[in-house]
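The values are calculated or read from the model by the stated rules, or taken from the named source; none is laboratory data. Quick caveat, the model's predicted, so the values are computed rather than measured. Cβ placement follows ideal geometry from the backbone for every residue including glycine, while neighbour counts extend to all protein chains displayed.
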Amino acid sequence: MAHQHSLTADEQPVLLIRPHWKTLIRPFLLAAIVVAAALVAEAFPSGKNATAVRLVIAVVAILALMLWLTVPVLRWRTTTYELTTRRLRVREGIVTRRGRDIPLVRINDVSFEKGLLDRLLGAGRLVVESAGEHGQILLNDIPHVEQVQGTLFRLVEEEQRRLEREDRNQP
């Protein structure tokens, strides 16, 4: 969950979510194609420069794997969505970190969308509408999106009730 020092005194972590693993399907398929192509290419060179050609093929394949596999895996690993009792926190970025916090009291609507593949894999897009200059935030590839939507909706209602109670108790 979140580092406790980044939460307010009366705030509790509820749910920490990472994008669904389906975001890694394309990079892994591409990596398998690169490896297969490199292995086929390694088998063909013959002659005087065969060793140099094989070395170049291996270096190109390794660089392609690093680019097409490592970056998406790191992006997936460094992206988190966290629900607390007071806010929705979004953190992303490999080198440059970006974060966005939306107080639950500013959230107006929470909905989800699921395509056919999303339904098969148990993921979807969470659409959070909030009052403010950014208006709508789309969180793609959320695992168990319906449960997350329900939890977020419940937290928003609880936060609104808590604030109403505080307002009534103020002189």
- Query: Can you tell me which residue in segment 114-127 is nearest to LEU155 (Cα to Cα), limited to those that are more than 12 Å from the chain's Cα centre (by Cα) and charged (D, E, K, R)?
  - Reply: LYS114
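What do you reckon, is ALA9 over 23 Å from the mean Cα position of the chain (by Cα) and either hydrophobic (A, V, I, L, M, F, W, C) or more than 23 Å from MET66 (Cα to Cα) (or both)?
Considered against the rule, which asks whether it is over 23 Å from the mean Cα position of the chain (by Cα) and either hydrophobic (A, V, I, L, M, F, W, C) or more than 23 Å from MET66 (Cα to Cα) (or both), ALA9 comes out as yes.
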- Message: Go through (1) modelled with pLDDT of 90 or more; (2) of a type in the set (D, E, K, R); (3) surrounded by 13 or more Cβ atoms within 10 Å (Cβ to Cβ) for ARG54 and report which single condition fails.
- Response: (1)
- Message: Residues that are more than 21 Å from the chain's Cα centre (by Cα), within 30 Å of LEU116 (Cβ to Cβ) and either part of a helix (DSSP H, G or I) or of a type outside the set (A, V, I, L, M, F, W, C) (or both): does segment 14-22 have at least one?
- Response: no
- Message: Among the residues of segment 8-24, are any free of Cβ contacts under 8 Å to residues at least 24 places away in the same chain, loosely packed, with under 15 Cβ neighbours inside 10 Å and hydroxyl-bearing (Ser, Thr, Tyr)?
- Response: no
- Residue check for THR80: within 21 Å of SER130 (Cα to Cα), among the polar types (S, T, N, Q) and out of contact with any Cys (no Cβ under 6 Å at 6 or more places or on another chain): yes
- Message: If the requirement is being surrounded by 17 or more Cβ atoms within 10 Å (Cβ to Cβ), over 27 Å from VAL71 (Cα atoms), among the hydroxyl-bearing types (Ser, Thr, Tyr) and more than 16 Å from the chain's Cα centre (by Cα), which of these qualifies: SER111, SER130?
- Response: SER130
- Could you list all residues from segment 146-159 that are loosely packed, with under 13 Cβ neighbours inside 10 Å and in contact (Cβ under 8 Å) with a residue 12 or more places away in the chain? GLU158
- Message: Regarding segment 136-145, can at least one residue be identified that is in a helix (DSSP H, G or I), under 23 Å from TRP76 (Cβ atoms), in contact (Cβ under 8 Å) with a residue 12 or more places away in the chain and under 15 Å from the mean Cα position of the chain (by Cα)?
- Response: yes
- Within segment 87-108, track down each residue that is outside any strand (DSSP E or B) and either under 17 Å from the mean Cα position of the chain (by Cα) or within 11 Å of LEU152 (Cα to Cα) (or both). GLY93, ILE94, VAL95, THR96, ARG97, LEU104
- Of the listed residues (GLY115, GLY93), the one being assigned by TED's automatic domain parsing to the domain that holds GLU11 and on the phi > 0 side of the Ramachandran plot is GLY93
